[in-house]
Amino acid sequence: MKTGEGLVLSKLPYKDSHLICRLLTRQGYKDSILFYGGLGGGKKSKPSFLEVGNLIQFTPANSKRYSDLSGCKEYKVQWQHKNVKGHFRAFFLRNFIVELVDKISVESQEDEMLGDEKYFSLLSNAIFYLEDSVMNNKFSLPQQLALFLGKLIQHCGVYPDYQNCSFCDHPLSQNEKPILDFAQGGFSCKACQEDSIIPRIQEVWFWEYFSTIKNVSYKDYEHVENYSLQALKQVLSYFLGQFQIGQHELKSSSFIFH
């Protein structure tokens with residue numbers, strides 16, 4: 001059988017010793033796998049490494065699918081985070097990141113061709129550098145969240161145009177005090193703002209955020225500005241609005257935005 005790899009998005013105990021896990025595969029779609037003995041324990045007190053955010057390599061037991069599940073007896077951990085669970089704020093952020101990616105990625109049975117490898121890359125980078133920041137005592141929730149949201153918006157193809165006015169194509173700069181028009185998917189210059197009746201975010205930092213975060217790589221997370229959580233909540237609102245998702249649908253968000 002063909003071996004696959006995926007990041008654990010969620011897990012659910014099944015019977016006495018098994019686990020049903022939803023994985024985000026390298027191909028960028030979700031797949032539900034029944035891991036026999038995945039709970040661990042037993043006579044040999046076998047540990048379970050099927051933790052949310054861990055990278056698992058697995059081999060399906062057979063090619064036949066029952067309902068929406070593939071059975072799996074052979075699996076191993078390719079990579080795991082060890083420090084995030086011991087840091088409560090990083091732990092909550094991990095849950096939020098995973099839940100949000102889970103929300104927007106597609107199920108394999110819908111159409112595997114719709115999978116996007118960029119989702120896997122995004123999630124793996126987010127968790128890897130989250131672990132790195134905790135391990136090296138450099139964790140900052142606003143920095144990690146700001147970088148994740150920026151990369152998420154970019155990968156999803158809804159990054160607003162910050163270089164030119166969405167209405168007149170006039171080049172934008174901080175001196176223009178650009179305002180983001182939600183429906184337009186970009187910023188407007190001062191001259192065009194008077195005529196716009198579309199909901200928009202007035203703060204100049206919003207343009208500064210989008211004009212800089214796109215070019216920051218994950219390994220340079222220390223250089224990301226420590227935005228306020230209230231400011232980042234507006235960035236999240238912009239993203240959720242593009243996909244018609246309510247923040248109340250993200251259970252973990254309440255632990256991030258108090």
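Taking the criterion of being under 22 Å from the mean Cα position of the chain (by Cα) and in a helix (DSSP H, G or I), the residues of the stretch 154-187 that qualify are Gln154, His155. Among the numbered conditions (1) under 20 Å from Gln154 (Cα atoms); (2) of a type in the set (Ser, Thr, Tyr); (3) loosely packed, with under 13 Cβ neighbours inside 10 Å, the only one that Tyr218 does not meet is (3). The set of residues from the stretch 214-235 being out of contact with any helix residue (DSSP H, G or I) (no Cβ under 6 Å at 6 or more places or on another chain) and outside any loop (DSSP other than H, G, I, E, B) comprises Lys219, Asp220, Glu222, His223, Leu229, Gln230, Ala231, Lys233, Gln234. In this structure, is Gly53 in a loop (DSSP other than H, G, I, E, B), at pLDDT 90 or above and outside the structural domain of Leu122 (by TED's automatic domain parsing)? Answer is yes for this residue.
The residues in the stretch 231-257 that are free of Cβ contacts under 8 Å to residues at least 24 places away in the same chain and either of a type outside the set (A, V, I, L, M) or outside the structural domain of Gly186 (by TED's automatic domain parsing) (or both) can be counted, and the count is 6. Exactly one residue out of Lys151, Lys103, Lys138, Lys118 is in a loop (DSSP other than H, G, I, E, B) and either modelled with pLDDT of 95 or more or among the charged types (D, E, K, R) (or both): that is Lys138.
The values are calculated or read from the model by the stated rules, or taken from the named source; none is laboratory data. Computed from a predicted structure; not experimentally measured. Glycine gets a Cβ as well: all are built from the backbone with ideal geometry, and neighbour counts include every protein chain shown.
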